[in-house]
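A quick write-up on the structure given underneath.
The values are calculated or read from the model by the stated rules, or taken from the named source; none is laboratory data. Quantities reported herein were computed from a predicted structural model and do not represent experimental measurements. Don't worry about glycine lacking a Cβ; one is built from the backbone with ideal geometry, like all the others, and counts go over all protein chains shown.
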Amino acid sequence: IPQVVFAGVEIPLKDYFLQVAAMIFPTRWAMAALGTSIGLHSDKLGGDKLFGDNYTFQGQLFSIYSQTDSMHRILLSWGALGVLIVVLAIVICIGLKRKDIRT
């Protein structure tokens with residue numbers, strides 16, 4: 001359930017605390033990348049924000065955003081997903097190593 005809430009799809013995350021808490025969930029970054037790639041607009045969909053007053057989706061379809069803005073948002077989302085994959089894999093490896101009784 002937290003993944004759905006913090007993805008920002010059902011409930012727009014406008015509060016700064018919720019935006020920071022949502023940063024650790026991969027679904028948040030996946031939704032930002034998918035929404036931007038298909039041309040969604042956050043101001044038309046409830047005003048979901050990624051950082052402070054910066055809208056989550058920056059699609060260029062009938063938009064004020066340029067192709068460069070959209071590309072930066074997609075690359076930021078992919079980069080965040082890559083970092084989360086590496087960090088979570090390391091945490092899992094450390095946890096499994098500590099749980100292993102043969103050292």
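A few remarks follow.
- Odd one out for ILE94, checked against (1) touching a Ser or Thr at 6+ places or on another chain (Cβ under 9 Å); (2) in a helix (DSSP H, G or I): (1)
- Residues considered: LEU61, LEU75. Of these, the only one that is closer than 16 Å to LEU34 by Cα, out of contact with any strand residue (DSSP E or B) (no Cβ under 8 Å at 6 or more places or on another chain), of a type outside the set (Lys, Arg) and not in a helix (DSSP H, G or I) is LEU61.
- Condition met for PHE62 (surrounded by fewer than 13 Cβ atoms within 10 Å (Cβ to Cβ) and either charged (D, E, K, R) or at pLDDT 80 or above (or both)): no
- Among the criteria (1) assigned to a helix (DSSP H, G or I); (2) closer than 21 Å to VAL5 by Cα; (3) in contact (Cβ under 8 Å) with a residue 12 or more places away in the chain, the one ILE24 does not fulfil is (1).
- Tally, over the stretch 28-46, of residues that are surrounded by fewer than 17 Cβ atoms within 10 Å (Cβ to Cβ) and either aromatic (Phe, Trp, Tyr) or farther than 20 Å from ASP69 by Cα (or both): 1
- Pair list, Cβ under 8 Å, 6 or more apart: the stretch 36-59 residue under 20 Å from ALA80 (Cα atoms), other residue among the basic types (Lys, Arg) and not in a loop (DSSP other than H, G, I, E, B): THR36/ARG73; SER42/LYS49; TYR55/LYS49; THR56/LYS49; PHE57/ARG73; GLN58/ARG73
- Boolean, LEU84 is closer than 25 Å to GLU10 by Cβ and either in contact (Cβ under 8 Å) with a residue 60 or more places away in the chain or surrounded by fewer than 17 Cβ atoms within 10 Å (Cβ to Cβ) (or both): yes
- Every residue from the stretch 36-58 that is out of contact with any strand residue (DSSP E or B) (no Cβ under 9 Å at 6 or more places or on another chain) and part of a helix (DSSP H, G or I): SER37, ILE38, LYS44
- For TRP29, the requirement of being touching a Leu at 6+ places or on another chain (Cβ under 8 Å), part of a helix (DSSP H, G or I) and touching a residue at least 24 places away in the same chain (Cβ under 8 Å) is met.
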